[in-house]
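First, the structure itself, so that you have it in front of you.
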Amino acid sequence: MPTQRTSSLLGQSFQAISHFLRQGLADEDSRELREHLGELSQQIEVLVAARRSRAPAPGLQQQAQALAQQMRAHQYYLTGLGAAWHALYEMDAYQRALHTLRQALDAWLQALAQHELQEARLFQQFEQRAWRTLGEAMLLVDMYEQGDTLHSEAAAPAPLKPWWRRWL
């Protein structure tokens, strides 16, 4: 069953996510996060394409280590975002997804280095978690941007109850 789910993703592209992230209009924080996510998805796309083309293990390891370094830099960037970002439930969900993606990348990298039989399965898990992580990221950006419009609209005052009208 997991093979079918992953094979349905083959028609998708991490670059398509990267393109989607670049086209949104947003404030400065949102734009910067979109750029970071676009770079991250491009790096994932490069690694996935190299693995599918059966690139040699040393080249894959180098690309995976570059991705791990970029993920660390991205996590550091997230800590510097403002309180409005960190107040969102989606931020916690995204950071958890990013953490599990990093764990999946480390597990796959270790299996690749040791030429383990489970390398293909671990790569598949990494790819699935990459999709989930980028989906969480897009949800985070969307909720942040929608939150700006929700908070900027003034709430209508509640109508006065009839018995209060007598006193006012």
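Residue check: is Arg96 more than 18 Å from Gly38 (Cβ to Cβ), under 17 Å from the mean Cα position of the chain (by Cα), basic (Lys, Arg) and surrounded by fewer than 18 Cβ atoms within 10 Å (Cβ to Cβ)?
Yes: the conditions hold for Arg96.
Return only the number of the condition from (1) within 14 Å of Phe126 (Cα to Cα); (2) modelled with pLDDT under 95; (3) of a type in the set (Lys, Arg) that Arg34 does not satisfy.
Condition (1) is where Arg34 drops out.
Now, a different point. Kindly establish whether Gln95 is assigned to a helix (DSSP H, G or I), without any contact (Cβ under 8 Å) to a residue 40 or more places away in the chain and closer than 30 Å to Glu28 by Cβ.
Here the answer is yes, as Gln95 does meet what is asked.
Follow-up. Going through Arg72, Arg54, Arg34 one at a time, which residue ends up being basic (Lys, Arg), in a helix (DSSP H, G or I) and more than 16 Å from Gln103 (Cα to Cα)?
Testing whether each residue is basic (Lys, Arg), in a helix (DSSP H, G or I) and more than 16 Å from Gln103 (Cα to Cα) leaves just Arg34.
Considering region 112-149 alone, what residues qualify as being free of Cβ contacts under 8 Å to residues at least 24 places away in the same chain and either in contact with a Pro (Cβ under 6 Å, 6 or more places away or on another chain) or among the hydroxyl-bearing types (Ser, Thr, Tyr) (or both)?
Thr149
Moving to a separate point now. When Gln65 is evaluated against the numbered criteria (1) surrounded by fewer than 15 Cβ atoms within 10 Å (Cβ to Cβ); (2) free of Cβ contacts under 8 Å to residues at least 24 places away in the same chain; (3) farther than 25 Å from Leu139 by Cβ, which criterion, by number, is the only one it fails?
Only one criterion in (1) surrounded by fewer than 15 Cβ atoms within 10 Å (Cβ to Cβ); (2) free of Cβ contacts under 8 Å to residues at least 24 places away in the same chain; (3) farther than 25 Å from Leu139 by Cβ is unmet by Gln65, namely (2).
Another question, if that's okay. If Phe20 meets every condition in (1) hydrophobic (A, V, I, L, M, F, W, C); (2) modelled with pLDDT under 95; (3) over 16 Å from the mean Cα position of the chain (by Cα) apart from one, which number is that one?
Of the numbered conditions (1) hydrophobic (A, V, I, L, M, F, W, C); (2) modelled with pLDDT under 95; (3) over 16 Å from the mean Cα position of the chain (by Cα), the odd one out for Phe20 is (3).
Still on this model: Restricting region 101-117 to residues that are loosely packed, with under 15 Cβ neighbours inside 10 Å and at pLDDT 95 or above, which is farthest from Gln42 (Cα to Cα)?
The selected residue is Gln110.
Here are the criteria: (1) closer than 21 Å to Tyr144 by Cα; (2) surrounded by 14 or more Cβ atoms within 10 Å (Cβ to Cβ). Tell me which single one Gln128 does not satisfy.
(1)
The values are calculated or read from the model by the stated rules, or taken from the named source; none is laboratory data. Keep in mind that this is a model prediction, so the values were computed, not measured. No Cβ is skipped: glycine too gets one built from the backbone with ideal geometry, and neighbour counts run over all protein chains shown.
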